[in-house]
1. Could you work out how far helix B:108-121 tilts from the main Cα principal axis of chain B, as a 0 to 90 degree angle to the nearest 10?
2. Hey, fewest Cβ within 10 Å first, where do A:26, B:44 land in order?
3. Got a sec? How would A:63, A:296 order by Cβ neighbour count within 10 Å, fewest to most?
4. Taking beta carbons within 10 Å but only from partner chains, what does the mean come to for residues B:101-114?
5. What does the helix-only formula give at 222 nm for chain A: each DSSP H stretch with n ≥ 4 adding -39500 (n - 2.57), the total divided by the residues, and the result rounded to the nearest 500 deg cm²/dmol?
6. Need the C-alpha centroid separation for the range A:209-233 versus the range B:120-188, integer Å.
7. Is the range A:169-293 rounded, prolate or oblate when judged by the Cα gyration tensor, a ≥ b ≥ c being the square roots of its eigenvalues, rounded requiring a/c under 1.5 and prolate requiring a/b larger than b/c?
8. Just round it to a whole percent: the fraction of Cα-Cα distances in the range A:2-236 exceeding 34 Å.
């Protein structure tokens, strides 16, 4: 239980937040913290646990966003069906990316993932009959759970909280299960893992496909929440970077890390957007510079992320406490 | 148990292993020696499925291994260690060994229990919770062995597990290898430390420029003029 204390506090606070306030801006921030945290967790399955760092996860996010929006607009189908379709398509796309991960290493793999998202961006912005091209698709709002037309921010908060919990549990599974340990072996040293009987290539592909499907689900929820799908946003490299950034800043390969990263980055972005645009319209976009600096500082000084830094702090404190006890006796 | 049938592996114009044939019987403790670049590690890489030979076959317990991926070969009961040890650096010693055990055991709890026994057996008991990358080289070599043993091999290929050890560590490692052999694991050992390999093994194969130049019992090998010329430099005396 102790190892989940952080998650219990975090998700517990989110759950009781609506009791404290009904402020739409505040609740919106919490919904997005959970949403981006969950999607970064999905990235973390491939990028953190399997060590396959992708900067193209917006591809899967976009597939999820579009699947639901297109099915709803053209065939009036429930976004839940779109969610399923998006996940299925993303598994296929994930298998392709997974195959590439066994052909390309390090920076070449990263470049391939970026290119993949760019290809989908072009496809989505040109396939006008289906996607309405570069104008984007407004997602029709129909009240009800089956149509994912949730009028209140509070309902959205609980839906994203449930999604976040699922992602947290998926990651915990990857820390305690046979597959998780084997995946850790592959991440640490693929040759050694293979020598010990682990089908490294297959495991990497499975992890990437899982990661893709979960990211896609996040894309569907996000599109339904925001109500509009713009190809230049959902397939953007900015978004891919954001997924990776949250996880890396929080602590890649840890279940809580992506959520910690999201708390920091999402609230920072909300705050900066509001204040900077108040000061001068020209300052929009400055938050990206601040992200960049933050990332450099984190990678340079706390490479294990916030989780690592907090963990080290606790250990040091425990040590000093023990030291004091020893000194007294 | 293991048979190599004129195995050849080339890298571009260089023949790393040229037509090597070799038989290992169940219960053997075979040594492979030879100067640097003789093709010893390449031979292991071919047997364990990391390289595909240009010609020849590797047969393990009647099954042709050529073209099988490394993880399948391990599952068939043939495990190798790496000369340049490859610990899972950020994981604990116990978790390293446990990952090996998970190849045979599905339950994590059972694999952990088995790992604890394996860690103990290889003299790593005090380091079970230590992160593998912080181990000194002597202990890393032992971890490499412990992890490989956790996959329950019937044939184990040891690639210089004694290199870089101090005399005390060396003696312990020789003792450990003997015990593993006594427990029924067939061993093929690549080694440079002549004193150790001469005492440890019953049969030695000498490679030079990718070819087998001699095979026999240690005393015979030490006196073989071809081996003395290519590798030993002067007659190696067993006291």
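1. Relative to chain B, helix B:108-121 is tipped by roughly 60 degrees.
2. Final ranking by Cβ density, sparse to dense: A:26, B:44.
3. The fewest-first ordering by Cβ neighbours comes to A:296, A:63.
4. Per residue, the number of nearby Cβ atoms from other chains is 2 on average.
5. That comes out to -25500 deg cm²/dmol.
6. 49
7. It is prolate, given that a/c is not under 1.5 and a/b is the larger ratio.
8. Tail fraction, whole percent: 18.
Each value in this text was obtained by applying a stated rule to the coordinates, not by laboratory testing. Here the structure is a predicted model, which means the values were calculated and not measured. For neighbour counting, all protein chains shown are included, and Cβ atoms are generated from backbone atoms with ideal geometry for every residue, glycine included.
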